[in-house]
Amino acid sequence: MQSIRKRLSIILVCTAILALFISTLLVNITISTTFNKYLVEIQNKRNTRIVTYLEDVYKKNGKWSETSGIEISHEAYMSSYCLTLKDENNKVLWGMNPNEIINNMDATMQVKNGGVYTTSTFDIKSGGKIVGYIEVGQYAPVLLSKEDVDFKGSINKSIILSVVLSILITILISLFISKQFSTPLRQVSKISVHLSNGNYDERSEDKSNILELEDLRNSINTLGEKLQHQDLLRKRLISDISHEIRTPLNILQNNFEAMIDGIFPVDNERLAYLNEEVIRFGKLIDNLNGLKEIEGEEISLDVEKISLKDILSSVVKEFELVSENKKLQMTLECNTSKQFNILGETDKIKQVIINILSNAVKFTKENGEINITLKEADEKVILKIEDTGIGISKEDLPYIFERLYRGDKSRHETVGTGIGLTIVKNILTLHKANIEVKSEEGKGSAVTVYFNRV
Ligand code: ADP
């Protein structure tokens, strides 16, 4: 198996090489064709120039001699082509030896020029009549001078140089780019291994500027946070349950031992006290069971049209005694002419109000206030329960709906199981209702529930 870095680098380098190869090939073909065209044009012009020159020579003398126009053979020799002048009867007047120009051409030019000797013959005319022929012979269809060969060579050299440079640059860039992909991925995979080993405090710190990779990094970090929080809850759950179970068990054990040893008398009062502990113990188990039931997926609601006002009034009545004992001022504000109907299951909605209200009572000190308001707005029925209690700290607020979560303060001051609001949230989710909690430590809390109106 290959690493993503290696695979990406190979793909990028191969693509770059392929692209360079194709572009180099195209550039080379274009340059060669244009260059050859240019050379053919030059050669044609040269041939026309030779013919015109010899026609002028013939015109001047009116006939051919053995040396007519022979001076152009010098240029022909220097440019590596052969000339042979013939009169109108095809009799050779003078001619150059093809072997001589071979010696004049250097080795590279011979290779470039091809090596096959070919001739072309052009008519020389005077007064519209053919007076002779000039034969031009050369070792290639197009003759390349040393400068031409050098020019082509230097172009090829720069193309090769630019290809090599481009490949080097591509390798460097591909290493850099592939690192940008591989580093965050490797980090995420390392962290997921840590998480699976139970090291929940590992986080990925290196930010990526690639959207998907940054999303992945954030997701694994969120996953880590959630797992860490769940782990904390699990540990709390175990310590809470064992604490809650241990306390009544210890009391029962100590009392029973004292009774067996004859230190405590076995009377009704003591047995009633012990029975209370057993009941408290049972309540805790009930609460845990209730939560399990509510969270079960098979739960279905027995929904009907119910009046929230009626349910609220009956619950408030139940709390009158306990709030009086605690000297709390509890007020209920709602439009008596309205019913505030919603779709729901009476028992479950009652449970929601009881849990929220019992928290308000539990966390509000003596002489505090609890204000309950019920109103309608748009398509909603809004129930608000405000108290002037101890409030919830900013750190605790996001977690109060979690199973068995209890704020630090409430842990020391009041009895509770941390299940009440979890049940509330679950019931409200089943009813498609929303809950919102606003709170300020030391000042109080406000719990608002938004039901759908019918
Ligand atoms: P508990 O059995 O502890 O009341 P809940 O799930 O009902 O469990 O509440 C969770 C935590 O939310 C409580 O422990 C407490 O810290 C906080 N809380 C809930 N309601 C209030 C409130 N009205 N005032 C202050 N704190 C509250």
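The values are calculated or read from the model by the stated rules, or taken from the named source; none is laboratory data. Computed from a predicted model, the values in this text were never measured in an experiment. Cβ sites come from the backbone with ideal geometry, for glycine too, and all protein chains shown count toward neighbours. For the accessible areas, the whole protein counts, side chains as well, though only heavy atoms, and no ligand, DNA or RNA atoms are used. Shrake-Rupley method; radii C 1.70, N 1.55, O 1.52, S 1.80 Å.
Computed over protein heavy atoms with a 1.4 Å probe, the accessible surface of region 4-163 works out to 62 Å² per residue. Of the solvent-accessible surface of region 4-163, computed with a 1.4 Å probe and all protein chains present, 61% belongs to carbon and sulfur. Within the accessible area of region 304-452, the carbon and sulfur atoms contribute 47%, probe 1.4 Å, all protein chains present. Taking the chain as the reference, fit the longest principal axis to its C-alpha atoms, fit the long axis of helix 268-295 to the helix C-alpha atoms, and give the angle between the two in degrees, 0 to 90, nearest 10. Result, in degrees: 30. For the chain, the Cβ-based charge dipole about the Cα centre amounts to some 1940 debye (Lys, Arg positive; Asp, Glu negative; other atoms uncharged). Ranking Tyr58, Leu223, Ala258 by Cα position along the charge dipole of the chain, where only Lys, Arg, Asp and Glu carry charges on their C-beta atoms, puts Tyr58 farthest toward the positive end.
Under Stokes-Einstein, with the Kirkwood radius over Cα pairs standing in for Rh, what whole-number D in µm²/s applies to region 4-163 at 4 °C and 1.567 mPa s? Display every interim value, and only then the final one.
Details: Rh = 18.7 Å.
Taking Rh from Cα pairs, D becomes 69 µm²/s.
Rounded to the nearest 20 debye, the dipole size of region 299-352 about its Cα centre is 180 debye, using +1 on the Cβ of Lys and Arg and -1 on the Cβ of Asp and Glu.
Computed from backbone phi with θ = phi - 60° and the Karplus coefficients 6.51, -1.76 and 1.60, the 3J(HN,Hα) list for region 11-17 is 4, 5, 5, 4, 4, 4, 4 Hz; x is used for glycine and proline.
Where does helix 146-196 land angle-wise versus the long Cα axis of the chain, in degrees 0 to 90, nearest 10? Relative to the chain, helix 146-196 is tipped by roughly 10 degrees.
Considering the convex hull of the alpha carbon atoms of region 304-452, report its projected area averaged over all viewing directions, in nm², one decimal. Show your work: numbers first, answer last.
Values: hull surface 33.3 nm².
Hull-based average projected area comes out at 8.3 nm².
Think of the chain as a dipole: +1 on every Lys or Arg Cβ, -1 on every Asp or Glu Cβ, centred on the Cα centre; then among Val278, Pro141, Leu328, Pro141 lies furthest on the positive end. Under a 5 Å amide H cut-off, with hydrogens placed 1.01 Å from N, Ile370 pairs with Gln329, Met330, Thr331 among residues at least 5 apart or on other chains.
With each label modelled as a point 7 angstrom along the Cα→C-beta vector, the Lys6-Ile279 pair spans 7.3 nm. Rounded to two decimals, the Cα radius of gyration of the chain over 2.2 N^0.38 Å is 2.28.
Extension gain, Arg234 to Asn36, is 62.9 nm, computed as 0.36 nm per intervening residue step minus the present C-alpha separation. Over region 70-199, with a single point scatterer placed on each C-alpha, what log10 of the ratio I(q)/I(0) does the Debye formula yield at q = 0.09 1/Å? Values, matching the q order: -0.52. Region 204-270 and region 131-195 have Cα centres spaced 67 Å apart.
Put simply, the amide H of Ile124, placed in the peptide plane, has neighbours under 5 Å in Val131, Gly132, Tyr133, Ile134, leaving out anything fewer than 5 places away on its chain. Solvent-accessible surface of region 304-452, averaged per residue with a 1.4 angstrom probe and all protein chains in place: 51 square angstrom.
Helix 308-325 and the long axis of the chain differ in direction by around 60°, with both axes built from C-alpha atoms.
With both labels modelled 7 Å from their Cα along Cα-to-Cβ, the Leu165 to Lys152 distance reads 2.4 nm.
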